[in-house]
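Chemist: The structure under discussion is supplied below as structure tokens; questions concerning it will follow.
The values are calculated or read from the model by the stated rules, or taken from the named source; none is laboratory data. These numbers were taken from a predicted model, which means no experiment stands behind them. With ideal geometry, Cβ positions are generated from the backbone for all residues, glycine too; neighbour counts draw on all protein chains shown. Keep in mind that these areas ignore ligands, DNA and RNA; they rest on the heavy atoms of the full protein, side chains included. Shrake-Rupley method; radii C 1.70, N 1.55, O 1.52, S 1.80 Å.
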Amino acid sequence: MSLDTINRYALAMDLLSLDARISIVVKETGLSAGILRKAYVDMHHRSPASGSLKTSPHFIYKSHLRTKEATVYAVYFRIQNVDEFCQRTITSYRRYSSYIKSVSNSEPVLEFSEAWVISKWLTTGTLKLVRCDHCRSAKLLINEQQYYVCCVCRT
């Protein structure tokens, strides 16, 4: 077995441990969906989530809490200095998750797969992390939006 193959399996196990959608793991590792589903069931003792990934960033704004947590995740993603997208997303999600658990003693609102698509949108410019003009805190904007209420000062 080559080192590349071992690295792909290690990445797959890392992604599956974060409850990544099988479609993400297949795309990033090139491994068979059947093998990954079986590994997921062995790891979590339940079937993996089904359905497609989010196709619109508007899901971020469904609740004030979701908006705040998406912004926190985006900040962690932005400050990561890892070049490789997959590793940057994994590290950012782990830091975000750890922060949310330590501050609120609850599970994060964002699932890993949602954080994954937020990362993609930040990379492509669909989402932008900007400063609030009023309080200077970070806020997420959809590319076409001129204005959105800040999570901190709600202006």
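Chemist: Of all the residues that make up segment 118-155, how many are in contact with a helix residue (DSSP H, G or I) (Cβ under 6 Å, 6 or more places away or on another chain) and at pLDDT below 75?
Modeler: Total satisfying the criteria: 1.
Chemist: Are any residues in segment 74-116 closer than 27 Å to GLY51 by Cβ, among the aliphatic types (A, V, I, L, M) and touching a residue at least 40 places away in the same chain (Cβ under 8 Å), and if so, which ones?
Modeler: ALA74, ILE90, VAL109, LEU110, ALA115
Chemist: Name the single residue, out of those in segment 90-129 being open to solvent by 80 Å² or more (accessible area, probe 1.4 Å) and not in a helix (DSSP H, G or I), that is farthest from GLU28 (Cα to Cα).
Modeler: Per the stated criteria, the residue is ASN105.
Chemist: Follow-up. With respect to TYR99, is the statement that it is within 24 Å of MET13 (Cβ to Cβ), of a type in the set (Ser, Thr, Tyr) and over 9 Å from the mean Cα position of the chain (by Cα) true?
Modeler: So TYR99 fits the description; yes.
Chemist: Within segment 1-60, track down each residue that is of a type in the set (A, V, I, L, M, F, W, C), outside any loop (DSSP other than H, G, I, E, B) and surrounded by fewer than 11 Cβ atoms within 10 Å (Cβ to Cβ).
Modeler: Residues satisfying the conditions are LEU3, ILE6.
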